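Q: Supplied in structure tokens, the structure appears directly below.
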Amino acid sequence: MPNIFDQAEKELNSFIQKDILSYSKNRNYDYGPERRSNVSVLSKYISHRVINEYDVIGSALSSYPLSKIEKYIQEVFWRIYWKGWLEHRPMVWSDYLSYTYSDNNNTDYNNAIEGTTGIACFDSWVAELKDKNYLHNHTRMWFASIWIFTLNLPWQLGANFFMRHLFDGDSASNTLSWRWVAGLQTVGKHYLATSSNISKYTNNKFEPKNLNEDASPLTDNKIYNVKDINYTNAEQSSDSLIMFDNDLSLKDSEHLLGKYKYIYLIHLPNESRCIKLSDNVINFKYEVLKDFSDIYTNSEILNGGDIKKVIDANQNIDVIYPCIGENLSFLEKHNNDDTKLNYIYRYEDLFCWKYAKKGFFNFKKNIPLIIERVIKSKDLFNY
């Protein structure tokens, strides 16, 4: 059985060769879990950077001009944009994590997570999410809208539910997408699932009744000021490197990884996590780390609880920057001396995030520049 890195590359190449040209036309249709050729289904790899966003974009553009595959390229850039937007507003993540829900006996909530709401499409998607650990992107929007506006449940609980079960759960993309559906991300602009839209794009498989199609967007008086980020890379400070499961890219990074005597791959079990994950997702993350360690014999997998020992044993230690999210929150919680950590940032990320302070429209205007300056670069790290 091929390791996950080879498998990801194989699936990327297959999508580019066979299906990418029809993506724009067919991408909004959810034909069901057995028919996914209209979308790439690469997100579980991209979220862990088994293949990173820039590899995907670069591979696609090496086969076709931007004009023929622009919609797909934009969708990949959304993931980069979300990361950058959250880096400029880390309190959005902190506030999301701090949300507490006291009514755990709420019948609507329990019916929602068990898939017993009586809304056939929603209940089917709950079962699919738990079984396949994936949902079509359009379906995620419908799901979130029904959760928020028809079932009247807190968006934070829905975001948690997705993170628990999605193989591709990403702190930035998931959190901010739920906020967008709710009308909090772009203030006053929310997404309402409608029966007609669901019927059309599921080929009449579902025709839900009694959806709240007239709901107003949620409101939040909190204003998040934009934080200037001045991340810079220093020289290698240690013979040891810490990596987390959300940035494991191998392509073009051998020059970096080969410099280290020890690479510590941090695996976070649920007792170390703010958001508890299903067994399927925990096991998937471990298998990704295992395949990495099989390739790099100077690496070993450590339980999250051992990270403090590693940090304490080194005068300085390098860390592939894990971005705002679960892994960085864990690292900051278990490190008492920031001067010990030397973060290694991706040059591409730093360049792209400069344009992520505002809305995606502003970011999108700079995509041609980003492609010219970043995608054609061979160095994944400004190091």
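The values are calculated or read from the model by the stated rules, or taken from the named source; none is laboratory data. This is a predicted model, so every value here is computed, not measured. Here the Cβ is made from the backbone with ideal geometry for all residues, glycine too, and neighbour counts use every protein chain on show.
Table: residues versus (1) closer than 30 Å to residue 87 by Cβ; (2) β-branched (Val, Ile, Thr); (3) modelled with pLDDT under 95.
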| position | (1), (2), (3) |
| --- | --- |
| 201 | no, no, no |
| 205 | no, no, no |
| 211 | no, no, no |
| 215 | no, no, no |
| 220 | yes, no, yes |
| 224 | yes, no, no |
| 233 | yes, no, yes |
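Q: So the check is Cβ under 9 Å with 6+ separation or different chains; which pairs have a first residue in the stretch 272-293 that's closer than 18 Å to residue 175 by Cβ and a second one that's modelled with pLDDT under 95 and buried (at least 17 other Cβ atoms within 10 Å of the Cβ)?
A: 273/304
Q: Go through (1) closer than 25 Å to residue 251 by Cβ; (2) outside any helix (DSSP H, G or I); (3) at pLDDT 95 or above and name the single condition residue 31 misses.
A: Here residue 31 clears every test but (1).
Q: Tell me the residue from 282, 301, 320, 295 that is aliphatic (A, V, I, L, M), surrounded by fewer than 19 Cβ atoms within 10 Å (Cβ to Cβ) and closer than 22 Å to residue 12 by Cβ, please. Before you say what the answer is, go through the steps one by one.
A: On the way: 282 fails: closer than 22 Å to residue 12 by Cβ; 301 fails: closer than 22 Å to residue 12 by Cβ; 320 fails: surrounded by fewer than 19 Cβ atoms within 10 Å (Cβ to Cβ).
Result of the check over 282, 301, 320, 295: 295.
Q: Can you run down the residue pairs with Cβ atoms below 8 Å, 6 or more apart or on separate chains, where the first is in the stretch 141-156 and closer than 11 Å to residue 180 by Cα and the partner is of a type in the set (D, E, K, R)?
A: 155/179
Q: Output the residue which, of all residues in the stretch 225-241 that are hydrophobic (A, V, I, L, M, F, W, C) and in a loop (DSSP other than H, G, I, E, B), is nearest to residue 359 (Cα to Cα).
A: 226
Q: Name the pairs whose Cβ atoms lie under 6 Å apart, with the first residue in the stretch 80-101 and at negative phi and surrounded by 15 or more Cβ atoms within 10 Å (Cβ to Cβ), the second modelled with pLDDT under 95 and aliphatic (A, V, I, L, M), and 6 or more positions between them or separate chains?
A: Final answer for the pair search is 87/229.
Q: Just to be sure I understand, how many residues within the stretch 350-363 are of a type in the set (D, E, K, R) and surrounded by fewer than 16 Cβ atoms within 10 Å (Cβ to Cβ)? Even if it seems obvious, please write down each step before you answer.
A: First, the residues of the stretch 350-363 that are of a type in the set (D, E, K, R): 354, 357-358.
Add one more test, that the residue is surrounded by fewer than 16 Cβ atoms within 10 Å (Cβ to Cβ), and what stays is 354, 358.
Selection size over the stretch 350-363: 2.
Q: Of all residues in the stretch 1-32, which are aliphatic (A, V, I, L, M) and either touching a residue at least 40 places away in the same chain (Cβ under 8 Å) or touching a strand residue (DSSP E or B) at 6+ places or on another chain (Cβ under 8 Å) (or both)?
A: Passing the criteria: 4, 8, 12, 16, 20, 21.
Q: Of these, 42, 21, 12, which one is of a type in the set (A, V, I, L, M, F, W, C), surrounded by fewer than 17 Cβ atoms within 10 Å (Cβ to Cβ) and either modelled with pLDDT of 95 or more or more than 20 Å from the chain's Cα centre (by Cα) (or both)?
A: Of 42, 21, 12, the one residue that is of a type in the set (A, V, I, L, M, F, W, C), surrounded by fewer than 17 Cβ atoms within 10 Å (Cβ to Cβ) and either modelled with pLDDT of 95 or more or more than 20 Å from the chain's Cα centre (by Cα) (or both) is 21.
Q: Something else: Can you name the number of the only condition in (1) more than 27 Å from residue 244 (Cβ to Cβ); (2) touching a residue at least 40 places away in the same chain (Cβ under 8 Å); (3) out of contact with any helix residue (DSSP H, G or I) (no Cβ under 8 Å at 6 or more places or on another chain); (4) of a type in the set (S, T, N, Q) that residue 160 fails?
A: Just one mismatch for residue 160, condition (1).
Q: Are any residues in the stretch 242-272 in contact with a strand residue (DSSP E or B) (Cβ under 6 Å, 6 or more places away or on another chain) and either at pLDDT 90 or above or basic (Lys, Arg) (or both), and if so, which ones?
A: Once the filter is applied, which keeps residues that are in contact with a strand residue (DSSP E or B) (Cβ under 6 Å, 6 or more places away or on another chain) and either at pLDDT 90 or above or basic (Lys, Arg) (or both), the stretch 242-272 yields 242, 243, 244, 247, 260, 262, 263, 264, 265, 266, 267.
Q: Tell me which residues, restricted to the stretch 178-197, are in a helix (DSSP H, G or I), touching a residue at least 12 places away in the same chain (Cβ under 8 Å) and among the polar types (S, T, N, Q).
A: 195, 197
Q: Taking the stretch 111-170, which residues are of a type in the set (Gly, Ala, Ser), crowded, with 19+ Cβ neighbours inside 10 Å and in contact with a Gly (Cβ under 9 Å, 6 or more places away or on another chain)?
A: Hits for the stretch 111-170 are 112, 144.
Q: Have a look at 366, 335 and point out the one that is modelled with pLDDT under 95, more than 18 Å from the chain's Cα centre (by Cα) and either more than 30 Å from residue 160 (Cβ to Cβ) or not assigned by TED's automatic domain parsing to the domain that holds residue 113 (or both).
A: Selected residue: 335, the only one of 366, 335 that is modelled with pLDDT under 95, more than 18 Å from the chain's Cα centre (by Cα) and either more than 30 Å from residue 160 (Cβ to Cβ) or not assigned by TED's automatic domain parsing to the domain that holds residue 113 (or both).
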